[in-house]
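Following: one structure in structure tokens, then a few remarks.
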Amino acid sequence: MKLWEGRFTQPSAKNADIFNQSLSFDKKLYWHDIFASIAHVKMLGETNILPKEEAEKICDTLQEILQDIESGALAIEGAEDIHTFIEQELVKRIGVMGKRMHTARSRNDQVATDFRLYVKDSIRTDIALLRALVETLVKLAESNVGSIMPGYTHMRRAQPISTAQYLNAYSEMFLRDIERFADCFRRTDVMPLGSCALAGTDFPIDRTMTAKLMNFARISQNSLDAVSDRDFVAEYIFACSTVMAHLSRFCEDIITYSTDEFGFIDIADNYATGSSIMPQKKNPDIPELIRGKTGRVYGSLMAILTVVKGIPTAYNKDLQEDKEALFNAEETVQSCLSIFNELLQNITFDARKMRTAAMGGYSTATDIADYLVQKGMAFRDAHGVTGKIVRYGIENNKTLDRIDLSVYRSFCDLFDEDILQRVKASHSAEARKSVGGSSKSAVRENIRSIRKRLEKLCKE
Ligand code: ARG
């Protein structure tokens, strides 16, 4: 059955049908399509646009169709798209009465409604996965408050940091991702149904009632916009893209830190892979795949942005391309979030190696300069004196805490014995008590704040 064949003198070509169809991928929307149709038909009954008994019969049959799909008794096939499939099945079961379901509705507002319902559910799942990930990170941070590692800029040792502070940095990123999804949810939570093909309808529908039945917070205010607005799809995929960017950076770190050269992190055997040719190898395939899959989510973002840029006002079939882009981003981000959470629970830090590395590379040189500034020297001069001490260390193969006090004093007589404490990695990290800094108290405060914000965001 075609919903539109009346006007045509010839049946459509087989290849044209294959090309036009969306059932192969939009069958994912069956639940949301039935849910929306039930709300629509209930409203048609309440407003007497359809006789109440007919409305009830249609709704009951839609429920039966849903059960049959879920039990596997009814296979989704043989129609142009999911909307046609459900309607076709309804007509098969209750005859002409089934055809009345589509009163005061078009597939244009129907698909937009189904998809918004679908995206709202997806966002709920994404937020739950992000929440679980932040909870893992917070636990990991709590057990690493006293651990020190090198902080890098330009991939060169810069300053010692707390390992918990490092982990908290990613919690902050994922909290922003939750916020972005929550924000996207608010704009997705608008019901387009009742916009019909593009101009609205002459039936006395009650859009507020339908919205209530579907738990939409608001109804759209312009039918032309409502049938073709896919901003929510682009926003959703953008939110997925930032999640992937953050996961990818984290994976990049894990890959680097788990090399033999660094040796900061060990990935448990059951989350690593071997090489078929080099028996000694233990490869970080999972983080590499996550890093690689980022590209396909960005690809979906480019796809949807490109689709919407050319859409003349109101619905055009190009918009059917929104679904695969979104499904691809959704599936990728959700599978990456869950496997990454498992991976994190299966890595161990080598605290000793990290601390030793934090002490190397003259990474407490800034502390020497700060020390001199606190004793009254201008920072620029202090920077110069410290540079000379670092050069001495390099030439004599000595870390900053192994250089004798007499040597420090030979560079500047402002140095006292306490300088040898000040250049220790743990002292350096502990000294950074500013809000958001690496001292234990600042890091603990950061953890408290992350927990609080997570709680609040997930309650909303
Ligand atoms: N399968 C279509 C889509 O996903 C449904 C809407 C069809 N509307 C139309 N006027 N052809 O966009």
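A few notes on this one:
- If you plug the beta carbon distance of Asp225 and Ala132 into 1/(1 + (r/R0)^6) with R0 = 35 Å, you get a FRET efficiency near 0.45.
- Where Leu372, Leu414 fall by accessible area, highest first, once all protein chains stay in place (1.4 Å): Leu414, Leu372
- The chain shape via C-alpha gyration tensor axes, a/c threshold 1.5: prolate
- With R₀ set to 56 Å, the beta-carbon distance separating Lys139 from Asn15 gives a calculated FRET efficiency near 0.50.
- Taking a straight Cα-Cα cut-off under 26 Å and skipping sequence neighbours fewer than 8 places away in the same chain, the lysines within cross-link reach of Lys139 are Lys353, Lys433, Lys440, Lys452, Lys456, Lys459.
- Each of Ser363, Thr348, Thr386 was placed along the dipole of the stretch 328-394 (beta-carbon charges, centred on the mean Cα), and the one lying farthest toward the positive end is Thr386.
- Burial ranking of peptide ranges 420-432, 35-47 (average Cβ count within 10 Å, highest at the top): 35-47, 420-432
- Take each peptide in 135-144, 13-22, count the other Cβ atoms within 10 Å of every residue, and average; sorted highest first, the result is 135-144, 13-22.
- In the assembled protein chains, Asp381 presents an accessible area of approximately 90 Å² (probe radius 1.4 Å).
- Principal-axis analysis of the Cα atoms of the chain puts helix 82-94 at an angle of about 40° to the longest axis.
- Rounded accessible area per residue of the chain, 1.4 Å, Å²: 49
- Cα-centred dipole magnitude for the chain, charges only on beta-carbon of K, R (+1) and D, E (-1), debye, nearest 20: 1180
- Helical runs assigned H by DSSP (4 residues or longer) give the chain a calculated mean residue ellipticity at 222 nm of -20500 deg cm²/dmol, each run adding -39500 (n - 2.57) before division by the residue total.
- For the stretch 316-460, relative contact order (Cα pairs under 8 Å, six or more residues apart, normalised by length) works out to 17 percent.
- Folded to 0 to 90 degrees: helix 285-309 orientation relative to the chain principal axis, Cα: 50
- Fraction of beta bridges assigned by DSSP in the chain that are antiparallel (%, nearest 5): 85
- Heavy-atom accessible surface of Glu53, to the nearest 10 Å², is about 130 Å², with a 1.4 Å probe and all protein chains retained.
- Surface accessible to a 1.4 Å probe, Asp318 within the full protein complex, Å²: 70
- Extreme residue, positive dipole direction of the chain, given options Gly263, Asn144, Ala425 (C-beta unit charges): Ala425
- Mean Cα-pair separation over length for the stretch 140-281, i.e. relative contact order, pairs under 8 Å, 6 or more apart, %: 17
- Length released on extending from Glu417 to Glu179, taking residue separation times 0.36 nm less the Cα-Cα span: 80.8 nm
- Highest mean first, the peptides 403-410, 347-354, 162-169 sorted by other C-beta atoms within 10 Å per residue fall in the order 162-169, 347-354, 403-410.
- Rel. contact order, % - alpha carbon contacts under 8 angstrom, at least six apart, the chain: 17
- Ser335-Ala245 FRET efficiency (beta carbon distance; Förster radius 22 Å; 0.05 resolution): 0.85
- The angle between the Cα long axis of helix 107-142 and the main principal axis of the chain comes to about 20°, on a 0 to 90 degree scale.
- Accessible area in the full protein assembly, largest first, 1.4 Å probe, for Phe181, Phe238: Phe238, Phe181
- Carbon and sulfur %, accessible surface of the chain computed with the full protein complex present, 1.4 Å: 52
The values are calculated or read from the model by the stated rules, or taken from the named source; none is laboratory data. What you see is a predicted model; the values in this text were computed from it and never measured. Every residue, glycine among them, receives a Cβ derived from its backbone with ideal geometry; neighbour counts consider all protein chains shown. To get the accessible areas, we keep the full protein, side chains included, count just its heavy atoms, and leave off ligands, DNA and RNA. Shrake-Rupley method; radii C 1.70, N 1.55, O 1.52, S 1.80 Å.
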